[in-house]
Amino acid sequence: MLAQESLPFDAVQAKTPASAGAGVDAVVPDFPPADPRAPAPQDVEGVMMRWMQPLVVDGDVHACPTCGAYRDWIVFCLRDDSVWLRCRAGHQVQEPRLNAAWFNRNSGPVDHWHPTLEDGLRHLGH
Ligand SMILES: [Zn+2]
């Protein structure tokens, strides 16, 4: 099984919009400030959800290859369509049998935005 030491952490961070006009010495009267907005899907590198119950993949209960845990996952879906599973102990492995279509079928709507992976993990209770 393909095992990886860690996720490409940068990839799950929402991008920070570039600040408009930085360093440009110009006067633009009544220029409206940029509205704070939720990142659009094309701005987000990955989404994540907590999966408490045993995770069945192709009829098999997925177990962590490192510690044998089989429940309480954080499931990541990255923009490149890869799905990663993180056990409670923090072991992360890519699951090639799962993809974004699977993730979208099994996840709810995105309701929180996190600037960092760690922030998202904390929010999800890991
Ligand atoms: Zn584990």
**Q.** The lone exception for L98 - which of (1) closer than 23 Å to R122 by Cα; (2) open to solvent by less than 40 Å² (accessible area, probe 1.4 Å); (3) not small (G, A, S) it fails
**A.** (1)
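Matching residues to (1) open to solvent by 20 Å² or more (accessible area, probe 1.4 Å); (2) among the β-branched types (V, I, T); (3) in contact with a Gly (Cβ under 8 Å, 6 or more places away or on another chain):
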{"residue": "V47", "(1), (2), (3)": "yes, yes, no"}
{"residue": "L55", "(1), (2), (3)": "no, no, no"}
{"residue": "G68", "(1), (2), (3)": "yes, no, no"}
{"residue": "H91", "(1), (2), (3)": "yes, no, no"}
{"residue": "Q94", "(1), (2), (3)": "yes, no, no"}
Q. How about the range 60-122: which strands (runs of 3 or more DSSP E) wholly inside it have at least 2 residues that are near the ligand (Cβ under 10 Å from one of its atoms)?
A. 83-86, 92-94
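The values are calculated or read from the model by the stated rules, or taken from the named source; none is laboratory data. Here the structure is a predicted model, which is why all the values come from computation and not from measurement. In this analysis, Cβ positions are derived from the backbone assuming ideal geometry, glycine residues included, and neighbour counts consider all displayed protein chains. Each accessible area value is taken on the protein alone, full model and side chains, heavy atoms only, with ligands, DNA and RNA left out. Shrake-Rupley method; radii C 1.70, N 1.55, O 1.52, S 1.80 Å.
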